[in-house]
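Down below is the structure, laid out as structure tokens.
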Amino acid sequence: MKAAGIAAGLAALSLAWPAVAFGGDGAAVLTDGFDGSDFAKSGGLYYKENAEQAAGTFTFQPDVKLSGEGALKLTIRSLCPPDDEGCSERAEIWERTKLRAPFDTGTWYGFAVKFDDTIPTDDHRYLIAQWKREIGPEAVGDFSPFLAFRMKNGKLFVTVETNYYPPMAGYEKPEDGPVSCPSGGVPVWLRPDTNQLRILVAHDDQWKPDDAALFSSCTDAVTVIDHGNPLPEPNSGWIDFAVYSKPGPEGDGHIEIYANGKPVVTVKGHIGHNDKGLGENQYFKFGPYRDGHTGEWTLYYDDFRRSPHCADVLKGAACPFS
């Protein structure tokens, strides 16, 4: 009976996802150009229905697009009490559970995003994409995304999260300026109450010292190589991101971020969480996400792709490795 059940499950999966190809390295090759009236079977994506997502809507539309016949429009509206940090408003697209990439396997992700004209410019919690580790029923704690694309004061920035480590010695934090880290150190927000570090790894060229006020300490938990290309600004039109995600809480993590074919940063070191009860897979979500707030916020997404192989994802640049 058990063998029959497994065979039936595999057969059902093959029928449900006939267009999904497997890359041979632990992760399926997924693509969706959002050109039809529903999510493509080749993409393995869906809109998750829950209380937070009730603030959002998703629309397949042909008017605003990067390529092909259409793109996905994601909008969130006010649902929570304004400025309620304990209440979230989301319109996020998820990878289906059966198609998630292994946590310890390096995987390339690509997506294009365009901000609607009404770009939020206040100091609030805004995310447009995030990578997390699965959280099992035995896990205890608050586990933020190990990689997150965020916005503050109308400016894009990227953070990496890992378990808590004591800060570096020898850094300086002036009262009226940004933290000054010694060689090998990067700005970090220490979060010992949640056993986490939130590390600032990239931002756009409009970023100001006041925007980084929370990142007031320094860490050498990761090494960040800046390739001299800041993140594009939210009002710059379509932005095509390519990201290599390989978490490594013990110190062997590796992230590559490209924007519009240009390398932005390489991050290596302690990336992600290794607490008891966390799952075996990583997963990617994209779409507008904020705490309780007023008004609507809209983003457009196009050209989702995921693969173990860089050449399937990265556009306009040579792959840093195969």
Selected residue (only one of Lys315, Lys285 is charged (D, E, K, R) and in a loop (DSSP other than H, G, I, E, B)): Lys315
Ala3 modelled with pLDDT of 95 or more and out of contact with any His (no Cβ under 9 Å at 6 or more places or on another chain): no
Elements of type strands (runs of 3 or more DSSP E) in segment 163-233, at least 1 residues being at pLDDT 95 or above and aliphatic (A, V, I, L, M): 186-191, 196-203, 222-226
When residues of segment 288-315 are limited to those that are in contact with a helix residue (DSSP H, G or I) (Cβ under 9 Å, 6 or more places away or on another chain) and crowded, with 23+ Cβ neighbours inside 10 Å, the one farthest from Phe103 (Cα to Cα): Tyr289
Residue in segment 28-42 that is surrounded by 15 or more Cβ atoms within 10 Å (Cβ to Cβ), more than 23 Å from Asp240 (Cβ to Cβ) and either within 21 Å of the chain's Cα centre (by Cα) or among the hydrophobic types (A, V, I, L, M, F, W, C) (or both) present: no
The lone exception for Ala27 - which of (1) over 22 Å from Phe286 (Cα atoms); (2) of a type outside the set (Lys, Arg); (3) at pLDDT 55 or above it fails: (1)
Flag if Glu69 is part of a loop (DSSP other than H, G, I, E, B) and within 22 Å of Gln130 (Cβ to Cβ): no
Elements of type strands (runs of 3 or more DSSP E) in segment 75-157, at least 2 residues being surrounded by fewer than 17 Cβ atoms within 10 Å (Cβ to Cβ) and not basic (Lys, Arg): 126-135
All positions within segment 219-245 that are touching a strand residue (DSSP E or B) at 6+ places or on another chain (Cβ under 6 Å) and within 25 Å of Phe143 (Cα to Cα): Thr219, Ala221, Val222, Thr223, Val224, Phe241, Ala242, Val243, Tyr244, Ser245
Selected residue [at pLDDT below 95 and within 28 Å of Val186 (Cα to Cα)] from Asp83, Asp142, Asp122: Asp142
Qualifying position, being of a type in the set (Asp, Glu) and within 24 Å of Ala259 (Cα to Cα), among Glu92, Glu49, Glu85: Glu92
Check on Arg100, of a type in the set (Lys, Arg), closer than 30 Å to Thr266 by Cβ and in contact with a Phe, Trp or Tyr (Cβ under 9 Å, 6 or more places away or on another chain): yes
Residue in segment 95-112 that is over 23 Å from Leu45 (Cα atoms) and of a type outside the set (S, T, N, Q) present: no
Residue check for Lys276: among the basic types (Lys, Arg) and modelled with pLDDT under 95: yes
Any hit, segment 35-45, residues being under 22 Å from Ala112 (Cα atoms), modelled with pLDDT of 95 or more and either in a strand (DSSP E or B) or touching a Cys at 6+ places or on another chain (Cβ under 6 Å) (or both): yes
Single unsatisfied condition, Asp220 versus (1) under 29 Å from Tyr300 (Cβ atoms); (2) over 19 Å from the mean Cα position of the chain (by Cα); (3) of a type in the set (Asp, Glu): (1)
Of all residues making up segment 250-259, the number that are in contact with a Ser or Thr (Cβ under 9 Å, 6 or more places away or on another chain) and surrounded by fewer than 22 Cβ atoms within 10 Å (Cβ to Cβ): 1
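The values are calculated or read from the model by the stated rules, or taken from the named source; none is laboratory data. Keep in mind the model is a prediction, meaning the values are calculated, not measured. FYI the Cβ positions are ideal-geometry reconstructions off the backbone, even for glycines, and counts take in every protein chain you see.
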